[in-house]
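The values are calculated or read from the model by the stated rules, or taken from the named source; none is laboratory data. Here the structure is a predicted model, which is why all the values come from computation and not from measurement. Note that we place each Cβ from the backbone using ideal geometry, even for glycine, and neighbour counts take in every protein chain shown. SASA here: full protein model, heavy atoms, side chains in, ligands and nucleic acids out. Shrake-Rupley method; radii C 1.70, N 1.55, O 1.52, S 1.80 Å.
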Amino acid sequence: MRVAIYPGSFDPVTNGHLDIITRGLHLFDEVRVLIAHNNRKRGLFSVEERMDLVRASTQNARVSVDAFNGLLVEYARQIGAKVVLRGLRAVADFEYEFQMANMNRHLHSGIETIFMATGTSNFYVSSSLVREVASLGGDISQLVPKPVLTALREKYSAAPEE
Ligand code: COA
């Protein structure tokens, strides 16, 4: 079984992430979407909500979803995976991704990071921009899967007026 871990915050999952997952399935038997902890970010959706949204948006037996609070390499060791899948949107992503890939390899010499170029229709999309546009009533229907669109509408219609 060739398993790739696709880690990220996924707050929430977007069509850009789904593009990477779908293309990852051409190369791997299983893509394990991992809601990993980034201590520089505060979340809108809870980890459980993010997992549910990934499940509802993928619905493929070869896509699994998990969450982990520790080091990514520890998780990889635990499940015996050797590949981390990441999407690269623009040059700006490169430095950070290069650092993370090398730090992960320093921590676990058996791990390899595979980068996929994000599709041209999604290279400008990020979860935080999607949240911002949705919170201000902008149209994000082309950028996120249906379950996420519904969840964002519910979140922001439930939010108290400022
Ligand atoms: N399409 C659209 N958007 C994309 C995308 C794609 N293909 N790929 C990434 N993005 C966006 C994400 O939505 C996210 O947007 P945001 O910043 O507005 O939230 C941004 O690009 C990058 O985020 P993400 O892929 O979620 O990575 P991250 O930087 O939040 O998280 C982790 C990085 C979680 C993988 C990293 O912190 C980690 O491994 N944590 C575990 C702890 C650990 O091991 N730390 C040491 C790491 S060396």
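Assorted remarks:
- Selection of the stretch 46-73 for residues being within 11 Å of the ligand (Cβ to nearest atom) and over 12 Å from the mean Cα position of the chain (by Cα) yields Phe68, Asn69, Gly70, Leu71, Leu72, Val73.
- Some residue of the stretch 4-18 being within 21 Å of Gly80 (Cβ to Cβ) and open to solvent by 40 Å² or more (accessible area, probe 1.4 Å): no
- Residue in the stretch 19-33 that is open to solvent by 50 Å² or more (accessible area, probe 1.4 Å) and in a helix (DSSP H, G or I) present: yes
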